[in-house]
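The values are calculated or read from the model by the stated rules, or taken from the named source; none is laboratory data. This one's a predicted model, so the numbers in the text were calculated from it and none came from an experiment. Virtual Cβ from ideal backbone geometry, glycine too; neighbours counted across all protein chains shown.
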Amino acid sequence: MRPALFVPLVILIAAPAALFAQTCSQPNLRPYIHKVKAAQSQLRAYNIGDGEGEQAREPLQKRIQVMKDAFATLADAAMKCAPETLNARALENSFVRPLDANKPVVAEEYDPKKPEKVDDIYGDSIDVKVTRPAESSQILLVDFRFEIQCGFDSLLLGYEWHSNGWQQVLRWQSGNYDVISGAFGDFFAYQVVPRKDSGDWLIAVAHGHPWCSSNMSGFDLDVIQPARNDNSQKVLLHKQETYWRDDPTRMRSIPDGFELRVSGYSRDVNIIRRTGIYRYSIDRDRIERVQPIAMNGRDFVDEWLNSPWEESQNWNFPSELANLEATYKKIATLNDPNAKEQPHFTYGPVRTCSDSPSHFQVELDYGWWWEEKKDLRPDARTFFQIQEGKNSFTMLSASDKPDPHCTGHDIMPSIY
């Protein structure tokens with residue numbers, strides 16, 4: 001009798017797995033691939049009108065949105081019944097081949113005998129990247145990019161594994177834009193940040209703004225909380241700055257946070273650019289910019305002046321806070337782009353000081369350019385006293401008089 005009872009028992013144990021397999025079967029991706037290709041064809045067929053230039057008129061905006069929706073639908077379909085052990089490279093390849101994506105950039109040599117090539121520009125190429133971040137094996141990120149005029153636009157999708165399968169918890173993209181600088185392109189970088197003492201995570205995303213006519217543009221940095229527990233995704237931090245587009249950018253993980261490095265702009269037109277360091281520590285719901293913020297003392301002063309006071313005040317000697325705030329506000333008023341007159345800022349000597357090997361003085365000069373009335377307003381100077389620490393600087397004080405201890409040689413002489 002025992003063998004007769006054994007067979008039904010096996011059937012009862014296996015039945016739930018069999019029922020689950022019947023409820024989820026991997027869909028055929030070909031219809032979804034076709035939708036992406038159709039959207040790409042519509043983008044490539046778009047003709048830039050006379051005088052349109054860097055504009056993106058409403059018909060083009062709609063085609064761009066259709067392209068992004070097609071990408072998202074394709075990724076959702078691919079993830080619908082995917083196993084927890086899904087291989088990121090295999091998924092990427094399943095997109096790359098049918099979409100003819102990730103083509104290497106080939107530099108073409110000019111040949112006057114060949115007719116000029118007409119670029120499709122919008123949608124002319126597609127790039128796909130699928131990753132499982134090292135910070136968590138339960139997260140999968142899908143990054144789609146496509147060409148637009150003078151750059152590219154991006155769509156980032158995030159999926160998280162739950163007991164009932166992969167769920168989309170992140171969709172990060174631009175809204176409709178009437179000029180190409182509204183796209184999430186130029187550069188596009190992201191870093192997952194696990195939250196302390198929980199299984200939750202945030203993601204930092206940085207992107208530039210494409211442009212055709214300048215090597216200077218703006219970039220955005222956002223920290224996003226993915227959708228969770230019936231709550232939609234939420235932006236916890238947003239920052240926008242200018243940067244030098246020709247230089248590389250880098251984003252990386254640090255303990256309890258992330259760091260982005262870009263080539264920023266100095267207020268001294270003779271220096272032009274400097275390394276901007278955007279380093280953030282995340283503790284539960286608190287996101288704080290921390291040091292280092294600059295590569296050297298002169299750049300520290302420049303970033304101190306450039307940052308919001310809510311950040312800059314954290315890098316000051318406490319007893320001098322009121323004096324430093326007054327100096328900060330005075331220079332901010334002079335540098336206001338809406339001001340009727342603006343000074344010409346240049347950095348003077350950066351001197352060593354005899355009272356401490358970690359004490360330095362940074363001179364900021366501001367002069368007034370007048371075509372016929374140059375002598376009506378005298379040039380002025382501010383001397384910043386800073387202290388170097390381990391991967392950090394502290395603003396000690398600021399005055400229109402130099403410190404008598406700081407008569408050492410100029411360690412950062414100007415080449416102009």
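Things worth noting here:
- Among the residues of segment 192-249, those identified as closer than 30 Å to residue 271 by Cα, hydroxyl-bearing (Ser, Thr, Tyr) and surrounded by fewer than 15 Cβ atoms within 10 Å (Cβ to Cβ) are 213, 214.
- Residue 165 meets each of the listed conditions (1) buried (at least 20 other Cβ atoms within 10 Å of the Cβ); (2) touching an Asp or Glu at 6+ places or on another chain (Cβ under 9 Å); (3) modelled with pLDDT under 95 apart from (1).
- Filter result for the condition that a residue is surrounded by 12 or more Cβ atoms within 10 Å (Cβ to Cβ), aromatic (Phe, Trp, Tyr) and either free of Cβ contacts under 8 Å to residues at least 60 places away in the same chain or more than 23 Å from residue 387 (Cβ to Cβ) (or both), over 315, 309: 309
- Members of segment 107-156 that are basic (Lys, Arg) and at pLDDT 65 or above: 129, 132, 145
- Those residues of segment 200-243 which are of a type in the set (A, V, I, L, M) and farther than 22 Å from residue 311 by Cβ, in sequence order: 216, 227
- Unmet criterion (only one of (1) farther than 20 Å from residue 45 by Cβ; (2) touching a residue at least 60 places away in the same chain (Cβ under 8 Å); (3) in a strand (DSSP E or B); (4) not aliphatic (A, V, I, L, M)) for residue 167: (2)
- Residue match in segment 282-296 (condition: more than 23 Å from residue 205 (Cα to Cα), at pLDDT 95 or above and surrounded by 15 or more Cβ atoms within 10 Å (Cβ to Cβ)): yes
- Counting the residues of segment 252-306 that are basic (Lys, Arg) and either closer than 25 Å to residue 224 by Cα or assigned by TED's automatic domain parsing to the domain that holds residue 335 (or both) gives 6.
- Flag if residue 140 is out of contact with any helix residue (DSSP H, G or I) (no Cβ under 7 Å at 6 or more places or on another chain) and either outside any strand (DSSP E or B) or among the aliphatic types (A, V, I, L, M) (or both): no
- Among the conditions (1) part of a helix (DSSP H, G or I); (2) surrounded by 13 or more Cβ atoms within 10 Å (Cβ to Cβ), the only one that residue 364 does not satisfy is (1).
The rows are residues; the columns are (1) at pLDDT 75 or above; (2) farther than 20 Å from residue 185 by Cα; (3) aliphatic (A, V, I, L, M).
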{"site": "3", "(1), (2), (3)": "no, yes, no"}
{"site": "46", "(1), (2), (3)": "yes, no, no"}
{"site": "49", "(1), (2), (3)": "yes, yes, no"}
{"site": "82", "(1), (2), (3)": "yes, yes, yes"}
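- All positions within segment 10-42 that are modelled with pLDDT under 95 and within 26 Å of residue 174 (Cα to Cα): 29
- Residues in segment 42-51 that are loosely packed, with under 13 Cβ neighbours inside 10 Å and either within 26 Å of the chain's Cα centre (by Cα) or on the phi < 0 side of the Ramachandran plot (or both): 45, 47, 49, 50.
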